[in-house]
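The values are calculated or read from the model by the stated rules, or taken from the named source; none is laboratory data. Given the structure is predicted, the values throughout are model-derived calculations rather than measurements. Virtual Cβ from ideal backbone geometry, glycine too; neighbours counted across all protein chains shown. When the accessible area is computed, the model is the full protein with side chains, heavy atoms only, and any ligands, DNA or RNA have been set aside. Shrake-Rupley method; radii C 1.70, N 1.55, O 1.52, S 1.80 Å.
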Amino acid sequence: MSSAARSSSEHLSGPVEVCVDRPLLALDRPFTYELPGELAAGVGSLVQVRFHGKLVRGWVLGPTDDVPPRMLAIHKLVTPVRSFDEPLLQLYRWMRERYVSPLAAVIGRAAPPRVAGEEVEGVTGGADLRRGRSAPSPPFGRLRAPAPVGTPGRPPLLDGYANGSRLVGALAGGAGTFLVRTAPGEDAALAVEAVEAALEGGRSAVVVVPEVDPVPATVEAIDDAFGDRVARFFGGDKRARYRMWLEIGRGRYRVVVGTRPAVFAPVPDLGLVYVTREHHALHREERAPYFHARDVAAERARISGAVCVLASVMPSLAAQAMPHQRVEPKRRRWPPVEVVAPGPEGRAPRLVRALRGAKRAFLYEPLRGYGVARVCRACGEPAACASCGGTLRAEAGSLRCTVCEAPGRCSSCGAEDFGLARGGAERVEEWAEGVADVPVSRIAPGDRPRVPASAEILVGGIDAVKDLGTSGLDLVAILNADASQRRPGVSAREQALTAWAEVAAWAMPNGRVIVQSSRPNDHAVQALVAGRPERFARTERPRLAEAGFPVGAPVFRVAGTEELEGALAKSAHRTLLVSALEGQTVCLVALDPADAPSFGDLVRRLAERGVVTRVEAEPHL
């Protein structure tokens, strides 16, 4: 195909490849149609074609020399708006291969659903357009904008980072992937500084955040710094999102900030893709094509000749394994972290003493509720759910199964009276109230996350760990560190460490961090103490490789018929685990990166034969 050299706005005619809007692996190939010149269509045009006797939508991919004996003409041009250009098409094809996903699924996920009524050139804007009609409002007011790069009286933050000058130089007109280990409290300011440098170089910037409710401090800081040049690509209804996408494509905004879909924003002159909190689980798309914003950002920057910044206070193993240039503080900027043995119910004497003097603190408790049922008081049998045998947890005044959520009844005698092993956020709130000199509150499941008040101790779990611009706490306590690492999944230890690191950063600049763990020499705990992610990586990488899932290896969960195991066993793979689920064979496969294209070709052939029914990339393990 020779379309790579053609302009994205060029009109085509003659035989063209069309991606039919049928997101099935069995149909994941381009089809050739005749494109009449009078339609004024080209790469990225949404058209209507006849497919298997029905009129369906499709996207023009470019001209082709693969002309079949019989070729149908494209029925009509659906809209003059192009869905993508050549660089974005190259990205979509990379995603098709990397995530073994139908190209139609990739294209369909990359742009918001079309609203024909918004496709009017020169649609008026204003604040409502820029924000989106239903975008969430900031719950805690606006932040003061960090001083832009070059502001008199304050040197650029990146001057204090090793390789910071290289990053600034690349933002002025170069390219590359940079892994930035941010100093606590500087996440938002560094993002502003990077965007400013890209804009000064005459280029645009895309900033990807993992979540927007509540609105992150990074989003507010960028908005305050760059004002009307910023498009908030999140929130709003279907019409508002499509309108915003059109305005971005017309070049109205030089900065786009949003969640995963923002990584595809059609900005002109792309110079920067900045991924904040790159370790966060919400950067992974939970629907086909199951992409990760971190990987897509790096590939889009490579294709566009732009800079990709992956920023985190504790970078992930996956990011550390990618080709990159490391940017990190030149001197230690990490709060002092003390490790103490847990006391009764997680009340170590040192923690109790610290709480008595704390005026503003956060207690991180990963377990919910008040405690876990251990024994039935009626029959003396170990506590278990009468419906499914699961664990019974006391929460919000009632006892329920943690698996099926059935009301707590004994599996042996049906009684509802149990002895509890007390422990969880509700119990922490209770005993902390008896120790602290200031009010104690708890962020319960479903509550809106917030920062501790000036005289308040706040108790919360992972749902409270947000980008709220939190800093300056007297005390941060991480309770039940051992329980966090015992959660199921091969990445449980890494997820625990990144959550601890984000919370510990809230103690800067003058606070202290207390971690309760019975394993003080554990590598995750010591990585937190030192504030050095590579200490954890040195031991965790071999462990994951031994388990069959090396860092950086593409992983797929494939479901299909009983023939599936034998077919996949013949392919190149590192690991192949097989199980059965609801009458289907389910295979978990880990590959060397170089083997992903051939694996994808095999899976597509098996899908055509009906052997493969579903493929999920990078499943949660």
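At a glance:
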read-out	value
Test: residue 442 is more than 19 Å from residue 358 (Cα to Cα) and out of contact with any Lys or Arg (no Cβ under 9 Å at 6 or more places or on another chain)	no
Of all residues making up the stretch 395-421, the number that are within 33 Å of the chain's Cα centre (by Cα) and either open to solvent by 70 Å² or more (accessible area, probe 1.4 Å) or farther than 15 Å from residue 384 by Cβ (or both)	6
Segments classed as helices (runs of 4 or more DSSP H), wholly inside the stretch 508-621, with at least 1 members that are open to solvent by less than 10 Å² (accessible area, probe 1.4 Å) and over 30 Å from residue 363 (Cα atoms)	564-569, 596-608
Search result, residues across the stretch 473-494 that are open to solvent by 10 Å² or more (accessible area, probe 1.4 Å) and either closer than 20 Å to residue 338 by Cα or modelled with pLDDT of 95 or more (or both)	474, 480, 482, 483, 485, 493, 494
The stretch 102-122 - residue that is of a type in the set (Gly, Ala, Ser) and part of a loop (DSSP other than H, G, I, E, B) and, of those, surrounded by the most Cβ atoms within 10 Å (Cβ to Cβ)	111
Selection status of residue 290, over 30 Å from residue 515 (Cβ atoms) and either in contact with a helix residue (DSSP H, G or I) (Cβ under 9 Å, 6 or more places away or on another chain) or of a type in the set (Phe, Trp, Tyr) (or both)	yes
Helices (runs of 4 or more DSSP H) contained in the stretch 165-254 and holding at least 2 residues open to solvent by less than 10 Å² (accessible area, probe 1.4 Å) and among the hydroxyl-bearing types (Ser, Thr, Tyr)	none
For residue 21: the one exception among (1) over 31 Å from the mean Cα position of the chain (by Cα); (2) among the charged types (D, E, K, R); (3) under 30 Å from residue 611 (Cα atoms)	(1)
Which numbered condition residue 453 fails, given (1) in contact with a Ser or Thr (Cβ under 9 Å, 6 or more places away or on another chain); (2) closer than 23 Å to residue 344 by Cβ	(2)
Residues being surrounded by 14 or more Cβ atoms within 10 Å (Cβ to Cβ) and either modelled with pLDDT of 50 or more or outside any loop (DSSP other than H, G, I, E, B) (or both) - total across the stretch 132-161	5
Some residue of the stretch 391-401 being in contact with an Asp or Glu (Cβ under 9 Å, 6 or more places away or on another chain), over 23 Å from residue 363 (Cβ atoms) and not in a loop (DSSP other than H, G, I, E, B)	yes
Close pairs (9 angstrom Cβ cut-off, 6 or more residues apart or separate chains): basic (Lys, Arg) in the stretch 343-370, part of a helix (DSSP H, G or I) and open to solvent by 20 Å² or more (accessible area, probe 1.4 Å) anywhere	368/426
Residue match in the stretch 499-507 (condition: assigned to a loop (DSSP other than H, G, I, E, B) and touching a helix residue (DSSP H, G or I) at 6+ places or on another chain (Cβ under 9 Å))	no
Pair list, Cβ under 7 Å, 6 or more apart: the stretch 167-187 residue within 11 Å of residue 308 (Cβ to Cβ), other residue in a strand (DSSP E or B) and open to solvent by 10 Å² or more (accessible area, probe 1.4 Å)	170/176; 176/325; 178/325; 179/326
Failed condition for residue 262, given (1) open to solvent by less than 10 Å² (accessible area, probe 1.4 Å); (2) in contact with an Asp or Glu (Cβ under 7 Å, 6 or more places away or on another chain); (3) under 26 Å from residue 89 (Cβ atoms)	(2)
Residue list for the stretch 422-472, restricted to those being assigned to a loop (DSSP other than H, G, I, E, B), open to solvent by 50 Å² or more (accessible area, probe 1.4 Å), at negative phi and free of Cβ contacts under 8 Å to residues at least 40 places away in the same chain	434, 439, 447
Output for the stretch 473-498, where each listed residue is part of a helix (DSSP H, G or I) and among the hydroxyl-bearing types (Ser, Thr, Tyr)	484, 498
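Listed here are the residues, each with its yes/no results for (1) in a loop (DSSP other than H, G, I, E, B); (2) of a type in the set (Val, Ile, Thr); (3) surrounded by fewer than 21 Cβ atoms within 10 Å (Cβ to Cβ).
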{"site": "303", "(1), (2), (3)": "no, yes, yes"}
{"site": "310", "(1), (2), (3)": "no, no, no"}
{"site": "319", "(1), (2), (3)": "no, no, no"}
{"site": "326", "(1), (2), (3)": "no, no, yes"}
{"site": "333", "(1), (2), (3)": "yes, no, yes"}
{"site": "345", "(1), (2), (3)": "no, no, yes"}
{"site": "374", "(1), (2), (3)": "no, no, yes"}
{"site": "389", "(1), (2), (3)": "yes, no, yes"}
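For (1) modelled with pLDDT under 95; (2) touching a strand residue (DSSP E or B) at 6+ places or on another chain (Cβ under 9 Å); (3) buried (at least 19 other Cβ atoms within 10 Å of the Cβ); (4) aromatic (Phe, Trp, Tyr), each residue gets a yes or a no:
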| residue | (1), (2), (3), (4) |
| --- | --- |
| 25 | no, yes, yes, no |
| 36 | no, yes, no, no |
| 44 | no, yes, yes, no |
| 61 | no, yes, yes, no |
| 71 | yes, yes, no, no |
| 88 | no, no, yes, no |
